[in-house]
Amino acid sequence: MDQKIKAQEAVVFTDLDDGSAVLLHLDNKFYYSLNESGSFMWQLIEKNDGAMSKEKLVEALCEQFDVSPDQAQSDVSEFIEDLTREGLISVKSDS
Amino acid sequence: MTARRLAFELTNRCNLACRHCMRGTAQPRHDLPFALICRVLDQAQRLGVSLVSFTGGEPLLHPQFEDLIRATVERGYTFSFVTNGHLLSRVLPLLSESAVKEKLIQVAVSLDGPDAETHDAVRGPGSFRKVMAAIAGCHARGLPTRLKPTVNRKNLGRLEEMALLAAHLGLTGLDFSHMHPTPDNLRDGLMLAPAEWRQVETAVARLAGELKIAVGLCAGVYDPSPFYLCANLSMIDLYVDVRGNLCLCCMLPAIRGADPDQPEPDVIANLAEVDLVEAHVRLVDRIAEFHRHRLRRLAAGELSELEHFQCLACARYFGKLEWLKDFPDSPWSGLVLPRKEPP
Ligand SMILES: C[S@@+](CC[C@H](N)C(=O)[O-])C[C@H]1O[C@@H](n2cnc3c(N)ncnc32)[C@H](O)[C@@H]1O
Ligand code: SF4
Ligand code: SF4
């Protein structure tokens, strides 16, 4: 079973010049800061418009940053969990 | 009396085509030359100007926007600008530099509704999201940011929501403006009636009293005195248009609907030819003439209800509202145009 991640429509993303970024949820008007890897992952999720999986995110993170697969796995899990809890992304099981 | 604030219309080019926009499109498109801006900035120091502000068109489209922000800051001025927000991310790094940020008084971002539907109805599809993204960037960089809504038929019932939006977004405040009539916004039904302007003023005053963030209403409000004085008529604010003219204010030159072939008595002098101080002298004379004319009409009992609607009374005095005759059914025509004698 694969999981597909989708950025919520009501969220806007702003890139900051130091590689970090900020998200704004238009429903509740909360801001969320993203560090460089968070910004990288968000942009991948948004670009793939509902087709991004956790595995592909781990892979991309390992390619882009100097992290071990284990570390990447746990970073991605935590990222997905945090963003799902805040209603910034939705995760759908794709059986 | 000397000026405190100096505003420049940096360009009359724009990346949007808002339905309510007052800026005329009959004139050729161009940018205010950088060298002229620097010269005027130097001359303004003698007048005691401390704050420089930038508008347009879209000021961020000026090809040397970054250079002129630096030129402003280097001369010790504080600064502010008003923008549609679409290109703000380009200048965030500059505005975040400590020497620049310390002089930045405010970024005013135009927002014409609390949601995409209302805002985009005036500013075009996708604009709301871009403005929100820009505001998120400003907030993340700790820039003093205010919203600037212009009140129209579509957002009239949403003033409180817009004020709450500014508060939720953690902004410094919001400044509403009355929407001034243009042939397009009358035709589109966006324009409010005079009585509704008064209601807007009451609603904004109430929000200002109840909310913690600063809530204001820009020039153009009804004044119970027929002898109104705005910051431009008081010469606290000076305005230089995109042609390099010192003008009475930003509401009059090249305004939409005005006949571009008619003389422009609100244009005082071209600063490519005349020093700012000399142009200021002529401005004093023009304003004195304006007040003299008003006082004479007051004495003769000729001032009508229109004279309480600040910018509109000016617009009529300076010959910018002749086109209203094509809208005889508008409540503004009744107020602005001379009444017909009964047969
Ligand atoms: C002319 S724009 C220039 C700056 C930039 N392009 C922007 O839209 O913010 C400055 C402000 O004037 C407002 N404005 C445009 N047309 C208007 C009108 N007919 N009456 C009053 N304000 C108007 C805009 O909404 C904006 O807040
Ligand atoms: S209101 Fe501003 S953004 Fe809109 S068309 Fe006019 S100048 Fe451009
Ligand atoms: S139109 Fe008249 S009242 Fe309005 S800002 Fe200009 S000078 Fe002031």
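List of remarks:
- Subset of region A:4-17 [surrounded by fewer than 15 Cβ atoms within 10 Å (Cβ to Cβ) and either basic (Lys, Arg) or modelled with pLDDT under 95 (or both)]: A:17
- In region B:243-259, residue farthest from the other protein chains (Cβ to nearest Cβ) [restricted to those that are farther than 20 Å from residue B:4 by Cα and within 13 Å of ligand 1 (Cβ to nearest atom)]: B:258
- Restricted to region B:168-177, and to residues there that are within 14 Å of residue B:112 (Cβ to Cβ) and open to solvent by 10 Å² or more (accessible area, probe 1.4 Å), the residue that is farthest from ligand 3 (Cβ to nearest atom) is B:175.
- Scanning region B:266-278 finds one or more residues that are of a type in the set (Gly, Ala, Ser) and either open to solvent by 20 Å² or more (accessible area, probe 1.4 Å) or modelled with pLDDT under 95 (or both).
- Every residue from region B:133-156 that is within 14 Å of chain A (Cβ to nearest Cβ) and of a type in the set (Val, Ile, Thr): B:135, B:145
Here is a yes/no grid of residues against (1) open to solvent by less than 60 Å² (accessible area, probe 1.4 Å); (2) within 11 Å of ligand 1 (Cβ to nearest atom); (3) out of contact with any helix residue (DSSP H, G or I) (no Cβ under 9 Å at 6 or more places or on another chain):
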position: B:7; (1), (2), (3): yes, yes, yes
position: B:11; (1), (2), (3): yes, yes, no
position: B:18; (1), (2), (3): yes, yes, no
position: B:30; (1), (2), (3): no, no, yes
position: B:36; (1), (2), (3): yes, no, yes
position: B:41; (1), (2), (3): yes, no, no
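- Scanning region B:149-161 for residues that are surrounded by fewer than 24 Cβ atoms within 10 Å (Cβ to Cβ) and in contact (Cβ under 8 Å) with a residue 12 or more places away in the chain gives B:150, B:152, B:153, B:154, B:156, B:158, B:159, B:160, B:161.
- Among the residues here, residue A:80 does not qualify as more than 14 Å from chain B (Cβ to nearest Cβ), open to solvent by less than 40 Å² (accessible area, probe 1.4 Å) and under 26 Å from residue B:126 (Cα atoms).
- Test: residue A:57 is modelled with pLDDT of 95 or more, crowded, with 20+ Cβ neighbours inside 10 Å and within 20 Å of residue B:132 (Cα to Cα): no
- Test: residue in region A:88-95 that is more than 13 Å from chain B (Cβ to nearest Cβ), open to solvent by 80 Å² or more (accessible area, probe 1.4 Å) and either farther than 22 Å from residue B:140 by Cβ or assigned to a strand (DSSP E or B) (or both): yes
The values are calculated or read from the model by the stated rules, or taken from the named source; none is laboratory data. From a predicted model like this one, the values you see are computed outputs, not experimental measurements. Note that each Cβ is placed from the backbone with ideal geometry, even for glycine, and that neighbours are counted across all protein chains shown. Protein only, heavy atoms only, side chains kept; ligands, DNA and RNA dropped before computing areas. Shrake-Rupley method; radii C 1.70, N 1.55, O 1.52, S 1.80 Å.
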